[in-house]
Amino acid sequence: EEEILTKIEVERKCLVLINPVGGTGNALKMFKQVKGIFKAARINAIVKLTEHAGHATELAMELDLKLYEFVVCVGGDGLLSEVVQGLMKRKDWSDAIQLPLGIIPGGSGNGLAKSMIKHVKEEFYPENCAYLIVKGSPQPIDMMTTRNETETFISFLSLAWAFIADVDLDSETYRFLGGLRFTVSAVAKVLSRKRWYGTVSYLPADNASSVSQYQHKDGTVLTPNFLPPIQKAKDSVPKGWKTIKGPFSFFWATSAAYPSSDCYLAPQAHINDGYIYIVVVPENVSLLTQAKLLLSLETGKHVEYPQVQVIKTRAYQLHRDDSEYVSVDGERLSGSTIQVEIHRGLGRIMSL
Ligand code: ADP
Ligand code: MG
């Protein structure tokens with residue numbers, strides 16, 4: 001009986017990282033709005049504000065894994081991405097990446113939070129996201145090796161090229177508009193009539209019978225199973241892969257249903273199904289079609305357009321004629337060849 005009592009009294013402790021400049025700068029206010037939920041759940045939340053870009057990565061690299069039950073990010077997907085990069089840079093990455101994470105949407109790009117909340121059929125409010133964390137338990141989340149010729153990232157959400165990457169990255173200019181900044185930047189981009197040239201190659205989902213495995217021994221590097229060496233990839237792709245040539249009007253790949261909170265890009269996707277969904281328009285489309293397609297992203301109706309292809313895969317590569325930035329979970333990546341492979345359930349996130 002005594003043992004039971006002590007168990008009840010054992011404090012749950014979590015680290016809360018807040019990006020004070022995420023979104024329109026109201027992440028701190030948002031946390032104040034939901035902190036009562038942590039208190040009611042008897043969770044002791046240790047709060048830290050990030051002080052500069054890259055700070056969350058540094059904190060995650062040095063974190064004592066035994067100290068907290070989980071780490072909550074109050075910010076955009078970019079803040080969570082920084083934490084993930086930090087955990088994966090550690091020597092003990094295979095343990096570190098198992099540290100459960102949580103997200104409260106205090107940024108302007110909050111695709112992961114939206115995907116999770118919609119999956120449990122709740123409304124997209126910060127209170128509901130906090131509830132998922134305090135009442136939830138660690139659930140697996142897929143993560144992706146995402147690399148160019150010189151660097152490797154771990155992403156957990158999306159890779160946007162072409163139209164969407166430009167909109168995402170250009171829209172930094174319109175940050176003061178909050179969520180609207182994407183809309184303003186999109187209109188400007190539709191009118192520019194720009195096209196993107198390159199080749200997309202992928203391993204069709206049916207050809208990838210085994211689930212992507214990652215090595216799980218301390219100190220070893222996470223190695224992709226399906227991707228060819230990046231230097232050789234330009235001339236040929238592995239047997240069984242398929243190739244689509246551009247020009248592209250649209251390219252956006254995601255492992256979750258919502259790569260951003262206002263785009264229901266891949267209605268069938270889920271954060272731990274082991275697949276990436278590439279949504280692509282590999283042709284020139286009229287100004288009107290492009291505008292209609294973009295408007296239907298919000299509801300997921302774009303998948304009904306004949307020009308839109310949805311490719312389900314575990315590994316793909318993008319070879320571009322230019323080397324403009326792509327946007328990986330909202331952060332920039334350049335390079336003419338980019339490769340991505342999914343690792344099923346590599347990380348964990350607090351959810352129901
Ligand atoms: P948003 O969705 O609005 O982009 P994020 O939380 O994803 O919000 O953060 C965007 C960027 O802000 C990240 O790249 C991160 O490195 C950076 N960042 C985090 N904390 C700070 C800070 N204190 N000052 C400046 N930049 C920061
Ligand atoms: Mg998925």
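Selection over the range 47-90 of residues that are more than 8 Å from ligand 1 (Cβ to nearest atom), among the hydrophobic types (A, V, I, L, M, F, W, C) and within 17 Å of the chain's Cα centre (by Cα) gives a count of 7. Scan the range 247-290 for residues that are away from ligand 2 (no atom under 13 Å from the Cβ), of a type in the set (A, V, I, L, M) and part of a loop (DSSP other than H, G, I, E, B) and the total you get is 1.
Would you confirm whether any residue within the range 265-281 is of a type in the set (A, V, I, L, M, F, W, C), touching a Phe, Trp or Tyr at 6+ places or on another chain (Cβ under 7 Å), at negative phi and within 16 Å of ligand 1 (Cβ to nearest atom)? Checked the range 265-281: no residue is of a type in the set (A, V, I, L, M, F, W, C), touching a Phe, Trp or Tyr at 6+ places or on another chain (Cβ under 7 Å), at negative phi and within 16 Å of ligand 1 (Cβ to nearest atom).
Is it the case that some residue within the range 133-142 is under 11 Å from the mean Cα position of the chain (by Cα), modelled with pLDDT of 95 or more, buried (at least 23 other Cβ atoms within 10 Å of the Cβ) and within 24 Å of THR313 (Cβ to Cβ)?
So in the range 133-142, the residues under 11 Å from the mean Cα position of the chain (by Cα) come out as 141-142.
Subsequent filtering for residues that are modelled with pLDDT of 95 or more retains 141-142.
Those left that are additionally buried (at least 23 other Cβ atoms within 10 Å of the Cβ): 141-142.
Narrowing the set further to residues that are within 24 Å of THR313 (Cβ to Cβ) leaves 141-142.
Yes, the range 133-142 contains at least one residue that is under 11 Å from the mean Cα position of the chain (by Cα), modelled with pLDDT of 95 or more, buried (at least 23 other Cβ atoms within 10 Å of the Cβ) and within 24 Å of THR313 (Cβ to Cβ).
Considering only residues that are in a helix (DSSP H, G or I) and either among the basic types (Lys, Arg) or in contact with a Gly (Cβ under 6 Å, 6 or more places away or on another chain) (or both), which ones fall in the range 103-128?
To start, the set of residues in the range 103-128 that are in a helix (DSSP H, G or I) comprises 111-119, 126-128.
Hits for the range 103-128 are LYS114, LYS118.
One residue stands out in the range 242-264 among those that are touching a helix residue (DSSP H, G or I) at 6+ places or on another chain (Cβ under 8 Å) and of a type in the set (A, V, I, L, M, F, W, C): the one that is surrounded by the most Cβ atoms within 10 Å (Cβ to Cβ), namely ALA256. Report, by residue number, each residue of the range 15-46 that is away from ligand 1 (no atom under 14 Å from the Cβ) and touching a helix residue (DSSP H, G or I) at 6+ places or on another chain (Cβ under 7 Å). GLN33, VAL34, ILE37, PHE38, ALA41, ILE43, ALA45, listed by residue number.
Within the range 269-319, the set of residues being surrounded by fewer than 15 Cβ atoms within 10 Å (Cβ to Cβ) and touching a strand residue (DSSP E or B) at 6+ places or on another chain (Cβ under 7 Å) comprises GLU298 only.
Condition first: over 16 Å from the mean Cα position of the chain (by Cα) and either polar (S, T, N, Q) or surrounded by fewer than 24 Cβ atoms within 10 Å (Cβ to Cβ) (or both). Now tell me which residues in the range 107-129 satisfy that.
Going residue by residue through the range 107-129, those that are over 16 Å from the mean Cα position of the chain (by Cα) are 120-129.
Hits for the range 107-129 are VAL120, LYS121, GLU122, GLU123, PHE124, TYR125, PRO126, GLU127, ASN128.
Within the range 317-332, being farther than 21 Å from LEU112 by Cα and part of a loop (DSSP other than H, G, I, E, B) holds for ASP321, ASP322, SER323, GLU324, TYR325. Once the range 62-75 is narrowed to residues that are in contact with a helix residue (DSSP H, G or I) (Cβ under 9 Å, 6 or more places away or on another chain) and in a loop (DSSP other than H, G, I, E, B), the residue that is surrounded by the most Cβ atoms within 10 Å (Cβ to Cβ) is LEU63.
Which of the numbered conditions does GLY106 fail, given that it passes all the others? Conditions: (1) farther than 17 Å from LYS48 by Cα; (2) modelled with pLDDT under 95; (3) touching a helix residue (DSSP H, G or I) at 6+ places or on another chain (Cβ under 8 Å); (4) not aliphatic (A, V, I, L, M). Only one criterion is unmet by GLY106, namely (1).
I'd like to check something: does the range 276-289 contain any residue that is of a type in the set (Ser, Thr, Tyr) and under 18 Å from the mean Cα position of the chain (by Cα)?
Kept after step one, since they are of a type in the set (Ser, Thr, Tyr), are these residues of the range 276-289: 277, 286, 289.
Right, trim to under 18 Å from the mean Cα position of the chain (by Cα) and you get 277.
Yes, the range 276-289 contains at least one residue that is of a type in the set (Ser, Thr, Tyr) and under 18 Å from the mean Cα position of the chain (by Cα).
For the range 19-61, filtering for residues that are among the acidic types (Asp, Glu) and assigned to a helix (DSSP H, G or I) leaves 1.
The values are calculated or read from the model by the stated rules, or taken from the named source; none is laboratory data. The shown structure was predicted, so the numbers you read here are calculated from the model rather than taken from an experiment. Cβ atoms come from the backbone with ideal geometry, glycine included; neighbour counts cover every protein chain shown.
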